[in-house]
Amino acid sequence: MSPFAQNGVSRNETILYQSDMKDFADRDVDFALDELIVCPQCDAAYRMKKPGHGERAVCQRCHKVLIAPRRNAGLHIIAVALAVLFLIVGAAVFPFLTIDAAGNKNAVSILDAALAFSGGPMIFLSLATAGLIIFIPLLRVLLTLYVLIPVVLDRPAARHAIPAFRLSEALRPWSMAEIFAIGCAVALVKVADLANVGFGPAFWMFGILVVLVIAQDSFMCKWSVWHRLEHPKTS
Amino acid sequence: MVCMASSGTPENIVTARELGIVACKRCTKASPMGVDRCPRCNHKLHSRDPLSLQRVWAFWIVGFLCYIPANAYPMLRTQTLFKVDESTIIGGAVDLAHYGSYGIAAIILFASVVIPLAKFWAIAYLAISVKQNINFSNHRRQFMYEIVEYIGRWSMIDIFVVAILSALVQLRTLASINPGPAAIFFALSVIFTMLSAQAFDSRMIWDVRAKGRSRTS
């Protein structure tokens, strides 16, 4: 009989049960550890019951999504990551916005915008901006590809795949491409009555990029990746 | 082994700490108490990080100190044909309101004054609430923490707007926009409040109730 309990809950959610969690304290801890999952947000401990594809395991107390596997998620993420890679390079190089007022024209790329702060301590701001909107998203895409390609091909994990994935997760809040995109909208509203503003090819690339970055983050089930990195051949 | 299909009343939640287990904050792997680093991802393990609150307050104070010059110094230097205009964050919004753009003025005030101040208040409130028994439900505080973590990054939008404007509006004599010294302080303030929110160990939110429960029962 399965020691795991599950009931039909709405919204395809698998509820993890902990009705007999107290038993774990008496049993050999080493044996029990692999059967446990702990919510990183509120420290509630549960017995593992791996949800099926498309289902989600949610913490009962703080409602954090703990496991959310999807069918072929790895392939989807790799495909999206490759698209993001090309779009970042393209969006950084091609002209992004053009301005035209009384015969004076100016075209800028995203790199120009990032490097707009010049002189003295403003250099720091330029480097930070360039990092937040181009280099950190780029690094995260490269790390994701490096970690996931061997996993999806059922090969042994790449060398240093675990620190690579850890770095990629640590950089997640610092990847601000989508915030930059909304910033563009605000800036355009501010300049619109001053001059004619036109969109370069990079603008549309950047728009697609933002959607893809968000999609990529929502496909990724971190628990599944960690699990696969730890047990490369089994599951 | 029989499993009760209970509806999951939160009062019955057993924490990893009560089981003598430490969970990795980064990869969620469970380890026995006393293990120093996560065997899977090598992240430092703490059942509750003892330095969490100190770091929260340290980053909070630096962030707040940076926020003061961010408002006092000009954010944008606008140069038009005959005059140079230096405007602070609030001054810029007031100017926009004078020209009749009440909507944009409100958005700017909300994004760069109301949200940062609310964030400082929320982080301070959360940090105080884990030390003292405050009559505010854990779910609400968890929700507040999630909002602070989510909104924190979005304050950077101001800096990006300044960056785009100063790169784009360089029309020689006609008009040019350059960043003012407030931009760097505002960016630092956002970065430090993000670090402050990240240093907060959200598991402490739920410990207060657990303590209260053991006192009542």
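The values are calculated or read from the model by the stated rules, or taken from the named source; none is laboratory data. It should be emphasised that the depicted structure is a prediction, and the values quoted were computed from it without experimental measurement. Glycine also receives a Cβ, built like all others from the backbone with ideal geometry; neighbour counts cover every protein chain displayed.
Name the pairs whose Cβ atoms lie under 7 Å apart, with the first residue in region A:60-73 and more than 8 Å from chain B (Cβ to nearest Cβ), the second surrounded by fewer than 18 Cβ atoms within 10 Å (Cβ to Cβ) and assigned to a loop (DSSP other than H, G, I, E, B), and 6 or more positions between them or separate chains?
Note: pairs meeting the criteria are A:ILE67/A:LYS50; A:PRO69/A:HIS53; A:ARG70/A:HIS53; A:ARG70/A:GLY54; A:ARG71/A:HIS53.
Take region B:32-62 and flag every residue that is surrounded by 22 or more Cβ atoms within 10 Å (Cβ to Cβ) and either away from chain A (no Cβ under 12 Å) or touching a helix residue (DSSP H, G or I) at 6+ places or on another chain (Cβ under 8 Å) (or both).
B:VAL56, B:TRP60
Condition first: facing chain B (nearest Cβ under 7 Å) and not aromatic (Phe, Trp, Tyr). Now tell me which residues in region A:175-192 satisfy that.
The answer is A:MET176, A:ILE179, A:ILE182, A:GLY183, A:CYS184, A:VAL186, A:ALA187, A:VAL189, A:LYS190, A:VAL191.
Among (1) under 30 Å from A:ILE37 (Cα atoms); (2) at pLDDT below 80; (3) within 12 Å of chain A (Cβ to nearest Cβ), where does B:ILE21 come up short?
(2) is the only condition that B:ILE21 fails.
Condition check ((1) surrounded by 24 or more Cβ atoms within 10 Å (Cβ to Cβ); (2) at the interface with chain A (Cβ under 9 Å from one of its Cβ atoms); (3) acidic (Asp, Glu); (4) in contact with an Asp or Glu (Cβ under 9 Å, 6 or more places away or on another chain)) across all residues:
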site: B:GLY152; (1), (2), (3), (4): no, yes, no, no
site: B:SER176; (1), (2), (3), (4): no, no, no, no
site: B:GLY180; (1), (2), (3), (4): no, no, no, yes
site: B:GLN198; (1), (2), (3), (4): no, yes, no, yes
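Of all residues in region A:153-166 being in contact with a helix residue (DSSP H, G or I) (Cβ under 6 Å, 6 or more places away or on another chain) and within 29 Å of B:SER155 (Cα to Cα), which is farthest from the other protein chains (Cβ to nearest Cβ)?
Applying the filter and picking the extreme gives A:ALA164.
Is it true that B:TYR102 is modelled with pLDDT under 90, among the aromatic types (Phe, Trp, Tyr), within 13 Å of the chain's Cα centre (by Cα) and surrounded by fewer than 18 Cβ atoms within 10 Å (Cβ to Cβ)?
The answer is no for B:TYR102.
For region B:38-90, give me the residue count where each residue is closer than 30 Å to B:LEU19 by Cβ and either of a type in the set (Phe, Trp, Tyr) or touching a Leu at 6+ places or on another chain (Cβ under 6 Å) (or both).
Residues in region B:38-90 being closer than 30 Å to B:LEU19 by Cβ and either of a type in the set (Phe, Trp, Tyr) or touching a Leu at 6+ places or on another chain (Cβ under 6 Å) (or both): 1 in total.
So how many residues does region B:88-105 have that are within 17 Å of B:VAL162 (Cβ to Cβ) and free of Cβ contacts under 8 Å to residues at least 60 places away in the same chain?
Qualifying residue count for the region: 8.
Is there a residue being of a type in the set (Ser, Thr, Tyr), modelled with pLDDT of 85 or more and within 25 Å of A:PHE96 (Cβ to Cβ) anywhere in region B:153-160?
Yes, some residue in region B:153-160 is of a type in the set (Ser, Thr, Tyr), modelled with pLDDT of 85 or more and within 25 Å of A:PHE96 (Cβ to Cβ).
Restricting to region B:42-64, give me the number of residues that are in contact with a strand residue (DSSP E or B) (Cβ under 8 Å, 6 or more places away or on another chain) and in a loop (DSSP other than H, G, I, E, B).
The number of residues fulfilling the criteria is 4.
Considering (1) farther than 18 Å from A:ALA81 by Cα; (2) part of a helix (DSSP H, G or I), say which one A:ALA215 fails and leave the rest.
The number of the failed condition is (1).
Scanning region B:69-99 for residues that are surrounded by fewer than 18 Cβ atoms within 10 Å (Cβ to Cβ) and modelled with pLDDT of 90 or more, which turns out nearest to B:ARG172 (Cα to Cα)?
Result: B:TYR73.
Yes or no, residue by residue, for (1) part of a loop (DSSP other than H, G, I, E, B); (2) over 25 Å from B:CYS66 (Cβ atoms); (3) of a type outside the set (Lys, Arg):
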| position | (1), (2), (3) |
| --- | --- |
| B:ALA127 | no, no, yes |
| B:PHE136 | yes, yes, yes |
| B:ARG141 | no, yes, no |
| B:GLY152 | no, no, yes |
| B:ASN178 | no, no, yes |
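Can you name the residue in region A:173-201 that is in contact (Cβ under 8 Å) with a residue 40 or more places away in the chain and farther than 25 Å from B:ILE104 by Cβ and is also nearest to the chain's Cα centre (by Cα) among such residues?
The extreme case among them is A:SER175.
Within region B:117-125, does at least one residue satisfy the condition of being aliphatic (A, V, I, L, M) and modelled with pLDDT under 90?
No; the residues of region B:117-125 include none that is aliphatic (A, V, I, L, M) and modelled with pLDDT under 90.
Condition test on B:ALA163, is it part of a helix (DSSP H, G or I), crowded, with 23+ Cβ neighbours inside 10 Å, free of Cβ contacts under 8 Å to residues at least 40 places away in the same chain and in the same structural domain as B:PRO69 (by TED's automatic domain parsing)?
Judged against the criteria, B:ALA163 is a match.
Pick out the one residue from A:VAL93, A:VAL84 that is at pLDDT 65 or above, more than 11 Å from chain B (Cβ to nearest Cβ) and more than 21 Å from the chain's Cα centre (by Cα).
That would be A:VAL93, the only listed residue that is at pLDDT 65 or above, more than 11 Å from chain B (Cβ to nearest Cβ) and more than 21 Å from the chain's Cα centre (by Cα).
Being surrounded by fewer than 21 Cβ atoms within 10 Å (Cβ to Cβ), more than 11 Å from chain B (Cβ to nearest Cβ) and either free of Cβ contacts under 8 Å to residues at least 40 places away in the same chain or farther than 30 Å from B:SER101 by Cα (or both) is the requirement here; does A:VAL211 meet it?
Against the criterion (surrounded by fewer than 21 Cβ atoms within 10 Å (Cβ to Cβ), more than 11 Å from chain B (Cβ to nearest Cβ) and either free of Cβ contacts under 8 Å to residues at least 40 places away in the same chain or farther than 30 Å from B:SER101 by Cα (or both)), A:VAL211 qualifies.
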